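Asker: Sharing a structure here in structure tokens format.
The values are calculated or read from the model by the stated rules, or taken from the named source; none is laboratory data. None of the values given here were measured: they were computed from a predicted structure. In this analysis, Cβ positions are derived from the backbone assuming ideal geometry, glycine residues included, and neighbour counts consider all displayed protein chains.
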Amino acid sequence: MFYINEINAAGKIAVDDTILIKGTPATAGSKMLANFKPLFSAEAVEKLEKAGYAIAGKANVGEFGLDLMGETSASGAVTVNGALAGAGAALVADGKVKAALGVDLNGAPRRAAAVAGVDFIKPTYGTVSRYGVIACACSGEQIGVTAANADDAKEILTVIAGHDAKDGTSLPAEKYDYSTSEDVSAMKIAIAKDLYDAADADVKAKIDAYAEALKAKGASVEVISLEIASQAQTAWQILMAAETTNNLSRFDGVKYGYRAADYKNIDELYVKSRSEAMGFLAKATIIYGSDVLAKAKYEKCYDKSLRIRRIVCDKAKEIFAKYDAILAPAASKAEFKPYDTADAFEKVFAESFFTAVPSITGMPAMVTKGVQLMADSFKESVLLSIAKSVEV
């Protein structure tokens, strides 16, 4: 099921079900929010509607966006030809919508785009308002755009980017002008060896082909070590889980959302409501996040991860002082089969190795033709121009 709720059959934009649309149920893929109807729309949705874009519907998403690409959704996983698929990416790939808005929390929209063979751009943190997103990891999650090509991604990103006073993390620029026409022949691209080596043969072949296409455009391509990827992976998992623990604590069966039918006291209400309404991955993330925030581990885990975030940012800046972009896999493989979601925590952690650097630094990333490109903050036009140059 691609759509949780179809709104307008003639609409051209699908919206991740973790993004609010006034009066339309927003489940975030969880039984916990099965009956939740928001009273307002997300800022990104309002900007699209004001610009004349009709919303087609709410796309299925994994529970709170924590998984690989939607397999933990309370409505069931989306599959295409027996393999897991992200609903928004699949809708774009099928030509049913022009673009889809998705929340990149832990790389799910990037993996989904890579599998579907479409584009996804995660912009610099703070350039697109997070107002109206069902929050999990506030310091890293960002609304991005899935589209069939770089021009369409640029078009929609230009509409939704810009300052929003309702979002405390929103950057001050009122608008951002993106381009797909920067000179790629003058660019230096770095292949991240650490990520490349961890991918399977099919993904490596895509990286190799993309590198050759860039060389044919005149770009310089070199191989570098991205040692910070491993540190970024561990630190982001800790920060993401800690923030998710706090944000999901609001879903307690009292104020809104699912409430257990049978309980004797307030403690049972909390425990039963959350136990009955949340899936394994959400529970595992909450438990892990609670553990790293515990007094005995706070400095060793959470505080240290904040310090690692700064180190990763500094190291990334050093790389981008020499190179215009990093070329790397978006995932370890070109397709993912359905699996026992009791293994989700380990699987998602393993795949976050490929996506953690942009997540923890807030730097932009783009998936195109099954590969991932990363760039320095506010360099979305570099990513879009590289993608466009290889697409034409």
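Conditions (1) basic (Lys, Arg); (2) crowded, with 20+ Cβ neighbours inside 10 Å; (3) part of a loop (DSSP other than H, G, I, E, B), marked per residue:
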| position | (1), (2), (3) |
| --- | --- |
| ILE143 | no, yes, no |
| ALA165 | no, no, yes |
| SER185 | no, no, no |
| ILE189 | no, yes, no |
| LEU195 | no, yes, no |
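Asker: Quick check on my filter: what residues within the range 120-138 are assigned to a loop (DSSP other than H, G, I, E, B), of a type in the set (Phe, Trp, Tyr) and touching a Gly at 6+ places or on another chain (Cβ under 7 Å)?
Answerer: TYR125
Asker: Go through (1) outside any helix (DSSP H, G or I); (2) touching a helix residue (DSSP H, G or I) at 6+ places or on another chain (Cβ under 9 Å); (3) of a type in the set (A, V, I, L, M); (4) without any contact (Cβ under 8 Å) to a residue 12 or more places away in the chain one by one and return the number of the condition LEU327 breaks.
Answerer: In the conditions (1) outside any helix (DSSP H, G or I); (2) touching a helix residue (DSSP H, G or I) at 6+ places or on another chain (Cβ under 9 Å); (3) of a type in the set (A, V, I, L, M); (4) without any contact (Cβ under 8 Å) to a residue 12 or more places away in the chain, LEU327 misses (4) alone.
Asker: Suppose we filter ALA331, ALA321, ALA316, ALA282 for residues that are farther than 30 Å from ALA85 by Cα, modelled with pLDDT of 95 or more and either surrounded by 13 or more Cβ atoms within 10 Å (Cβ to Cβ) or within 25 Å of the chain's Cα centre (by Cα) (or both); which single one remains?
Answerer: ALA316
Asker: If you go through the range 205-257, how many residues are assigned to a loop (DSSP other than H, G, I, E, B), of a type outside the set (Phe, Trp, Tyr) and buried (at least 23 other Cβ atoms within 10 Å of the Cβ)?
Answerer: 0
Asker: Do we have LYS22 as basic (Lys, Arg) and either over 27 Å from LYS175 (Cβ atoms) or out of contact with any Ser or Thr (no Cβ under 7 Å at 6 or more places or on another chain) (or both) here?
Answerer: Taking the combined requirement at face value, the residue does not satisfy it.
Asker: Same structure again: From the list SER389, SER352, SER305, which one is in a helix (DSSP H, G or I), out of contact with any strand residue (DSSP E or B) (no Cβ under 9 Å at 6 or more places or on another chain), among the small types (Gly, Ala, Ser) and more than 26 Å from LEU239 (Cβ to Cβ)?
Answerer: SER389
Asker: Restricting to the range 63-119, give me the number of residues that are out of contact with any Gly (no Cβ under 6 Å at 6 or more places or on another chain), assigned to a loop (DSSP other than H, G, I, E, B) and of a type in the set (S, T, N, Q).
Answerer: Qualifying residue count for the region: 3.
Asker: If the requirement is being in contact (Cβ under 8 Å) with a residue 12 or more places away in the chain, crowded, with 24+ Cβ neighbours inside 10 Å and either more than 23 Å from THR244 (Cβ to Cβ) or not charged (D, E, K, R) (or both), which of these qualifies: ALA54, ALA28?
Answerer: ALA28
Asker: Still on this structure: Is at least one residue of the range 269-281 of a type outside the set (Gly, Ala, Ser), within 26 Å of ASN106 (Cβ to Cβ) and assigned to a loop (DSSP other than H, G, I, E, B)?
Answerer: yes
Asker: For the range 369-382, how many residues are crowded, with 19+ Cβ neighbours inside 10 Å and under 17 Å from LYS206 (Cα atoms)?
Answerer: Summing the residues that are crowded, with 19+ Cβ neighbours inside 10 Å and under 17 Å from LYS206 (Cα atoms) in the range 369-382 gives 5.
Asker: Can you tell me which condition ASP177 does not meet? The list is (1) in contact with a strand residue (DSSP E or B) (Cβ under 7 Å, 6 or more places away or on another chain); (2) loosely packed, with under 12 Cβ neighbours inside 10 Å, and all the others hold.
Answerer: That leaves (1) as the condition not met.
Asker: Next up: Need the failing condition index for TYR263 against (1) touching a residue at least 12 places away in the same chain (Cβ under 8 Å); (2) touching a Lys or Arg at 6+ places or on another chain (Cβ under 8 Å); (3) farther than 30 Å from ILE224 by Cβ; (4) in a loop (DSSP other than H, G, I, E, B), just the number.
Answerer: (1)
Asker: Being at positive phi and surrounded by 19 or more Cβ atoms within 10 Å (Cβ to Cβ) is the requirement here; does GLY289 meet it?
Answerer: No: the conditions fail for GLY289.
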